[in-house]
Amino acid sequence: MDVVISPTPVSAASQAGAKVAEAIANNPRLVLGVATGSSPLGIYEYVRREIEENGLDVSGITCFALDEYVGLPEDHPESYHRVVAATVTEPWGLKPEQVHVPAGNTGNPRQAALDYDQAIKDAGGVDLQIVGIGGNGHIGFNEPGSSLGSRTRVKTLHPRTREDNARFFDGDMNAVPIHCVTQGIGTILDAGSVVMIASGEAKADAIAKMVEGAVSSNCPASALQLHPHVFVYIDDAAAADLQHRDYYDFAVANADKLPGA
Ligand code: F6R
């Protein structure tokens, strides 16, 4: 993994945003995996500015969201259909048909999950996947105990995730849906590259386990160690529990000394 540690959440988001914008510039038909939650918002804002100020062309990209709650109407303000529309589709000026979100408000979410996994394959696979990390180490909504080979499927949200996400539901964890449709860990690992963004001390333990711990379903994000192209953008607070922080900083500082870099 390339671990890039920045002094603030804003600078971490700018570094990650630049990586995503560069990928779009290099491949105007990029298939981009988008995450929801607070962490990627700075990336989306960075890309929006690149579109507005530097003419970055997003007219040919396709986006696939990581996950969706089961049972929330698509126009509910906290449904990931609405969140992705408000944070990516609308600010970037994408057409709705460029953006895909799993169907969570359906009578058959299991079938919706299978259909979604197939839709990603039909699109040629995700080129670059943006992910955040849960305080319990989840990626997407692959909670601890998830199969590391899992495909898009229905999962039950962990109580810690429902507590963490209560802030989006007037502080009421009981208002947070119980189930979700999420890309599986195997689905995420199929992406060409992965950009992880995280900040704050609440993520420090999960980040250390993801980067330096054993590959284990106890920390689902640790499965990213098996992926050859993972870029981790974090702030000082999220880096606090890393044992080899000095080494990661040294690698970044010397990256341009490599012949051909
Ligand atoms: C969101 C998702 C989750 C979040 C994670 C972190 O689509 O799949 O894994 O990325 O829960 O959420 P924030 O960024 O709100 O701390």
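Pick out the long, greasy-scoring helices in the chain: whole DSSP H runs spanning 18 Å or more along their own axis by Cα, mean Kyte-Doolittle at least 0.5.
Long hydrophobic helices here: none detected.
What's the local net charge at M210, with K and R +1, D and E -1, over the other residues with C-beta under 11 Å away?
Numbers: positive: K203, K209; negative: D205, E212, D241.
Here the count lands on -1.
If R0 is 25 Å, what FRET efficiency do you get for S147 and F168 from their C-beta distance, rounded to 0.05? Mind showing how you got there, number by number?
Numbers: r = 27 Å, r/R0 = 1.09.
With a Förster radius of 25 Å, E is 0.40.
Run the numbers for R29 and N108: contour at 0.36 nm per residue of separation, minus the present Cα-Cα distance, in nm.
So the extension gain works out to 25.3 nm.
From the helices alone, meaning DSSP H stretches of at least four residues, give me the mean residue ellipticity at 222 nm for the chain, per-run term -39500 (n - 2.57), in deg cm²/dmol to the nearest 500.
Values: 8 runs with 81 residues, N = 261.
Taken over the chain, the calculation gives -9000 deg cm²/dmol.
Could you work out Rg/(2.2 N^0.38 Å) for the chain, with Rg from alpha carbons only? List each step's numbers first, then the result.
Details: Rg = 17.4 Å, N = 261, 2.2 N^0.38 = 18.2 Å.
That works out to 0.95 for the chain.
Taking 0.36 nm per residue of sequence separation and subtracting the Cα-Cα distance, how much length would be gained by fully extending the chain between H227 and N54, in nm to one decimal?
Values: separation 173, 0.36 × 173 = 62.28 nm, distance 3.18 nm.
Length gained between H227 and N54: 59.1 nm.
Could you give the semi-axes, largest first, of the ellipsoid that matches the range 158-261, computed as the square roots of 5 times the alpha carbon gyration tensor eigenvalues and rounded to whole Å?
Details: eigenvalues 179, 61, 31 Å².
Ellipsoid semi-axes (Å, largest first): 30, 17, 12.
Efficiency by 1/(1 + (r/R0)^6): what FRET value for A119 and A18, r their Cβ-Cβ distance, R0 = 25 Å, to the nearest 0.05?
About 0.30, to the nearest 0.05.
Quickly rank 36-43, 153-160, 227-234, 48-55 as a protection proxy: mean count of other C-beta atoms within 10 Å, highest first.
Values: 36-43: 21.9, 153-160: 18.6, 227-234: 20.1, 48-55: 13.8.
Ranking the peptides 36-43, 153-160, 227-234, 48-55 by packing returns 36-43, 227-234, 153-160, 48-55.
So how much slack lies between T8 and K95, counting 0.36 nm per residue of separation and subtracting their Cα-Cα distance, in nm?
Taking 0.36 nm per residue and subtracting the Cα distance, the gain is 28.0 nm.
Sum up the charges of everything whose Cβ sits under 10 Å from the Cβ of A103, counting Lys and Arg as +1 and Asp and Glu as -1, but leave A103 out. Don't skip to the end; give the middle numbers.
Values: positive: none; negative: E68, E74, D115.
Charge balance near A103 sits at -3.
Modelling each spin label as a point 7 Å along the Cα-to-Cβ direction, I'd like the V252/A175 distance in nm, to one decimal.
Modelled inter-label distance: 3.7 nm.
Just so you know, all these numbers are worked out from the coordinates, no wet-lab data involved. All of these numbers come straight from a predicted model, not from anything done at the bench. Note: ideal-geometry Cβ built from the backbone for every residue, glycine included; neighbour counts use all protein chains shown.
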